[in-house]
Amino acid sequence: MDSRTTRIRSKLAKAPYLARGSHSVGAERHRFRLGPRAGTDRLDAFERAHHIALPSAYRQFLVELGGSGAGPFYGLLPLEDCRLFTMDRQPSDGIPRGFHHVHHPDALAGDRFLHIVEMGCTDLCLIGVTGPLTGRMVIGNADGFWHPNVSSAHDFLGWYERWLNHMRDGKDNRALGLTSPWTVAHAPGGPRATARRAGRQLSAGGRA
């Protein structure tokens with residue numbers, strides 16, 4: 001067993017009680033609770049149906065910790081709600097790249113990304129499942145409203161634990177949907193207004 005899953009389980013259990021922790025967008029929805037764990041038979045069937053292999057760290061999380069619920073933004077999507085996307089071609093004028101669902105007529109025949117975290121509207125939090133970004137977390141916008149952000153975390157477990165660590169340490173991190181207590185305290189309108197502004201400015205900063 002990867003020791004990170006043990007650490008993540010412990011840190012997640014403490015998350016609701018962090019007096020000086022960051023505000024996590026969408027925490028009111030998932031309340032830092034994970035859904036039932038996913039069985040290997042279910043994951044195998046999903047992989048066969050979509051002709052992909054789930055990245056090992058993400059698959060490990062689903063099997064050992066939970067198949068939905070607590071996570072950055074509005075939380076992890078149940079596997080049946082996860083959809084495959086491809087990234088659009090880079091426009092010649094340098095504007096941001098968008099994403100299309102693989103069955104959309106405008107989707108490119110390229111590397112695939114699985115939408116696994118709910119961010120709301122047309123924002124997407126995905127994990128690479130084919131190509132050079134396999135296993136890496138990518139945050140973007142389907143309509144190309146801002147540039148995609150590729151996480152520096154090497155895999156899903158590292159990315160998820162970074163969210164927990166930054167929340168514990170009271171950090172701002174737009175790419176993980178976190179707003180520090182200091183920012184909340186000094187922002188008119190409270191955490192919800194701050195979170196909305198952070199979402200609009202996501203491409204300007206914050207490592208995923």
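With a cut-off of 15 Å on the backbone N, the residues of the stretch 124-146 near the modelled label site 7 Å out from D93 along Cα-Cβ are 144-146.
Close amide-amide hydrogen proximity is noted between L124 and G140, N141, A142, each under 5 Å apart and 5 or more residues distant or on a separate chain (H modeled in the peptide plane; Pro and chain starts excluded). In the stretch 1-159, taking the dipole from charged Cβ atoms about the Cα centre, the farthest positive-side position among L133, A15, L84 is held by A15. Under the convention that each Lys and Arg Cβ holds +1 and each Asp and Glu Cβ holds -1, the size of the dipole of the chain around its Cα centre is about 860 debye.
Taking every alpha-carbon pair under 8 Å whose residues sit at least 6 apart, the chain reaches a relative contact order of 21 percent.
Suppose all protein chains stay in the model; what accessible area per residue would a 1.4 Å probe give for the chain, in Å²?
Here the residues of the chain average 50 Å² of exposed surface.
The values are calculated or read from the model by the stated rules, or taken from the named source; none is laboratory data. Worth saying up front: this structure is predicted, and the values here are computed from it rather than measured. In this analysis, Cβ positions are derived from the backbone assuming ideal geometry, glycine residues included, and neighbour counts consider all displayed protein chains. The protein model used for the area step is the full one, side chains on, heavy atoms only, and it has no ligands, DNA or RNA in it. Shrake-Rupley method; radii C 1.70, N 1.55, O 1.52, S 1.80 Å.
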